[in-house]
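Read the structure below first, then the notes.
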Amino acid sequence: NKQITVLEPWPGSSPDLNPIEHCWSVMKRKVAQHKPSSLSQLRQIIHRVWTEEISEELCRDLVLSMPKRIEAVIKAKGKTTKY
C-alpha cells in the first residue's frame, strides 16, 4: 500500500547487511583502542566514541554502500562477501 520497494527474492542465508552492524563493529574497535579499565570508564568511552569518533560521514557511507552490498550478496547467492 505504501509502494515500498523490497528486494525479492531475499537470499535465505544472506549475511546481516544492516548498516548499523558495521557501525557497531567500527565502534567496538575504537572503544577497545581506549582500553577502558572500569565499567564507569567504559561507559564514558562508549559515549565519547559514539558522539565524537563515529562520524556522520561513516554512517552515510555505510547506508550509501547498501546497493553494492546487496548486489554482492545476490551475486554470491547469499554466501559470504567481502562485506
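The values are calculated or read from the model by the stated rules, or taken from the named source; none is laboratory data. On a predicted model such as this, the values are computed, not experimentally measured, just so you know. No Cβ is skipped: glycine too gets one built from the backbone with ideal geometry, and neighbour counts run over all protein chains shown. Just the protein is used for accessible areas: all its heavy atoms, side chains included, with ligands, DNA and RNA removed. Shrake-Rupley method; radii C 1.70, N 1.55, O 1.52, S 1.80 Å.
For the reader, a short list of remarks on this structure follows.
- Considering (1) assigned to a helix (DSSP H, G or I); (2) open to solvent by less than 50 Å² (accessible area, probe 1.4 Å), the lone condition that Gln44 does not fulfil carries the number (2).
- Residue in the stretch 14-37 that is modelled with pLDDT under 85 and hydroxyl-bearing (Ser, Thr, Tyr) present: yes
- Sole exception among (1) of a type in the set (Phe, Trp, Tyr); (2) modelled with pLDDT under 95; (3) part of a helix (DSSP H, G or I) for Trp50, by number: (2)
- For Leu17, the conditions (1) touching a Pro at 6+ places or on another chain (Cβ under 9 Å); (2) of a type outside the set (Phe, Trp, Tyr); (3) outside any helix (DSSP H, G or I) are fulfilled apart from (1).
- For first residues located in the stretch 48-75 and acidic (Asp, Glu), partners that are surrounded by 13 or more Cβ atoms within 10 Å (Cβ to Cβ) and lie 6+ apart or on another chain with Cβ distances below 7 Å form the pairs Glu53/Lys30.
- Residue ID - least open to solvent (accessible area, probe 1.4 Å), chosen from residues in the stretch 48-83 that are among the charged types (D, E, K, R) and over 15 Å from His22 (Cα atoms): Arg48
- Of all residues in the stretch 26-41 being outside any helix (DSSP H, G or I) and of a type in the set (Gly, Ala, Ser), the one that is least open to solvent (accessible area, probe 1.4 Å): Ser38
- Within the stretch 46-83, being within 13 Å of the chain's Cα centre (by Cα) and of a type in the set (A, V, I, L, M, F, W, C) holds for Ile54, Leu58, Cys59, Leu62, Val63, Leu64, Met66.
- Residue within the stretch 53-73 that is farther than 29 Å from Thr5 by Cα and not in a loop (DSSP other than H, G, I, E, B) present: yes
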